[in-house]
Amino acid sequence: MYNKSDSRIVLIGGSGLIGSNLNSYLVKKGYKVIATFSKNSNPGMVKFDFTKDNLEKISKDFSEKDIFIILSAYGNPSWIAENKEKAYELNVKHTINLIDQISKIGSKIYFMSSVEIFDGTSKNIVESTKPNPLNYYGKTKFLVEEYLKKNCTNYHVIRTGWNVDINSKSRCVVSLTYKTLLGNKAKMAKDNSFTITHTDDLSASIEKILFKLDKKILHLCSPEVISRIKLADTIIKNSKNGNKMKYEQVLFSEIKYNEPRAKINNLQSENMEFNKYLFFRSPLETIREKVKYLDKIS
């Protein structure tokens, strides 16, 4: 039913960190792609605000052969903690409305979720790990996942960890840590760990599963876990500004956030049948590439 020649890939939120990279990748691979943006105008993309617009604004002839990938959401946990009502409106209410529209058409839905739906108490977080979000961003993702499970059949959830793209438009853990290390009184939690995935690898992995995935939930990220200290040290070692960077090692509990955060974000996958077809470079390689870029524009 779904194949490269007949199916259109519709990226809702094609101008974001993951969406812009995925759009470029799929176009280069010869897919029929429709990518949308809401505020960040992008050449070749369709303006679509799903808080106001219906899918007919994009196309009037969507069918069950098309595939929708929902990427659009508020994604800054700190901002979301201070703007919960706005975050709920977009990340939950209007996302569910969009899902209902797609379901009526019969198209397949891929929903991009996050490691933030977990509480960080498991050393390795796999697809079968029970969600328990600590922050409001994670809660919004969890609510949509639950809605899909209860109300839809033709859907898949893709959960990912922390992603890094080599540009200046999107915030990422490397650029944020780089900036923090250049400031005064930087603190790095020695018991904080996570995964770092290059967006090129994430896009390639999404493309590989589009017509093959039968699992409802799949974790897509680099399987190699890295600590906050290792991230900081790698930035310092590889940056031309390394001599200006320093930090104090502390416990994660000493880092002040405006709401609880998980200290362990070690997202892994238990679906070995798919993993053998996927490639994720080392997080150290991704960090070095991003640092080289940040040095260049600093």
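All of Lys208, Lys246 fail the test of being among the basic types (Lys, Arg), out of contact with any Pro (no Cβ under 8 Å at 6 or more places or on another chain) and not in a helix (DSSP H, G or I), apart from Lys246.
With the structure loaded, tell me whether Ser20 is in a helix (DSSP H, G or I), open to solvent by 50 Å² or more (accessible area, probe 1.4 Å) and among the polar types (S, T, N, Q) or whether it fails that test. Judged against the criteria, Ser20 is not a match. Can you find a residue that is part of a helix (DSSP H, G or I) and either of a type in the set (Ser, Thr, Tyr) or without any contact (Cβ under 8 Å) to a residue 60 or more places away in the chain (or both) anywhere in segment 211-224? No - not one qualifying residue is present in segment 211-224. Can you give me the number of residues within segment 227-243 that are closer than 20 Å to Val115 by Cα and surrounded by 18 or more Cβ atoms within 10 Å (Cβ to Cβ)? Of the residues in that region, 2 qualify. Scanning segment 91-135 for residues that are among the polar types (S, T, N, Q) and either in a loop (DSSP other than H, G, I, E, B) or farther than 14 Å from Glu145 by Cα (or both) yields Gln101, Ser103, Ser107, Thr121, Ser122, Asn124, Ser128, Thr129, Asn132, Asn135. A single member of Ser63, Ser59, Ser72, Ser78 is surrounded by 15 or more Cβ atoms within 10 Å (Cβ to Cβ) and either assigned to a loop (DSSP other than H, G, I, E, B) or at pLDDT below 95 (or both), and it is Ser72.
I'd like the residue in segment 244-261 that is buried (at least 18 other Cβ atoms within 10 Å of the Cβ) and modelled with pLDDT of 95 or more and, out of all such residues, is farthest from Pro131 (Cα to Cα).
Step one: filter segment 244-261 for residues buried (at least 18 other Cβ atoms within 10 Å of the Cβ), giving 245, 247, 252, 261.
Imposing the further condition that a residue be modelled with pLDDT of 95 or more reduces the set to 245, 247, 252.
Working: Met245: 36, Tyr247: 32, Phe252: 21 Å.
Here the residue is Met245.
Thr199 meets each of the listed conditions (1) modelled with pLDDT of 95 or more; (2) surrounded by fewer than 17 Cβ atoms within 10 Å (Cβ to Cβ) apart from (2). Cβ contacts < 7 Å: first residue in contact (Cβ under 8 Å) with a residue 24 or more places away in the chain, restricted to segment 274-298; second residue among the charged types (D, E, K, R), any location; separation 6+ or different chain. Result? Sorted first by the residue in segment 274-298, then by its partner, the pairs are Tyr277/Lys208; Leu278/Lys208; Phe279/Asp201; Phe280/Asp201; Arg281/Asp201; Ser282/Glu224; Pro283/Glu224; Asp295/Lys240.
Considering segment 158-190 alone, what residues qualify as being basic (Lys, Arg), surrounded by fewer than 23 Cβ atoms within 10 Å (Cβ to Cβ) and not in a loop (DSSP other than H, G, I, E, B)? Write out each step before concluding.
Here is the first cut: in segment 158-190, the residues basic (Lys, Arg) are 159, 169, 171, 179, 185, 187, 190.
Within this subset, residues satisfying the condition of being surrounded by fewer than 23 Cβ atoms within 10 Å (Cβ to Cβ) are 169, 171, 179, 185, 187, 190.
Correct list: Lys179, Lys187.
Just one of Lys32, Lys39 is under 18 Å from Ile105 (Cβ atoms) and either open to solvent by 30 Å² or more (accessible area, probe 1.4 Å) or at pLDDT below 90 (or both); which is it?
Numbers: Lys39 fails: under 18 Å from Ile105 (Cβ atoms).
Exactly one of Lys32, Lys39 is under 18 Å from Ile105 (Cβ atoms) and either open to solvent by 30 Å² or more (accessible area, probe 1.4 Å) or at pLDDT below 90 (or both), namely Lys32.
Mind checking whether some residue in segment 147-160 is within 30 Å of Gly242 (Cα to Cα) and either in contact (Cβ under 8 Å) with a residue 60 or more places away in the chain or touching a Ser or Thr at 6+ places or on another chain (Cβ under 9 Å) (or both)? Full working, then the answer.
Going through segment 147-160, the residues within 30 Å of Gly242 (Cα to Cα) turn out to be 160.
Now restrict to residues that are either in contact (Cβ under 8 Å) with a residue 60 or more places away in the chain or touching a Ser or Thr at 6+ places or on another chain (Cβ under 9 Å) (or both): 160.
Looking for residues that are within 30 Å of Gly242 (Cα to Cα) and either in contact (Cβ under 8 Å) with a residue 60 or more places away in the chain or touching a Ser or Thr at 6+ places or on another chain (Cβ under 9 Å) (or both), one finds at least one in segment 147-160, hence yes.
Taken together, Val126, Val92 contain a single residue that is at pLDDT 95 or above, among the hydrophobic types (A, V, I, L, M, F, W, C), farther than 21 Å from Asn271 by Cα and under 18 Å from the mean Cα position of the chain (by Cα), which is Val92.
The values are calculated or read from the model by the stated rules, or taken from the named source; none is laboratory data. Not measured: the values here are computed from a predicted model. Reconstructed Cβ throughout: ideal geometry from the backbone, glycine too, with neighbour counts over all protein chains shown. Note: accessible area is taken over every heavy atom of the protein model, side chains too, but ligands, DNA and RNA are not part of it. Shrake-Rupley method; radii C 1.70, N 1.55, O 1.52, S 1.80 Å.
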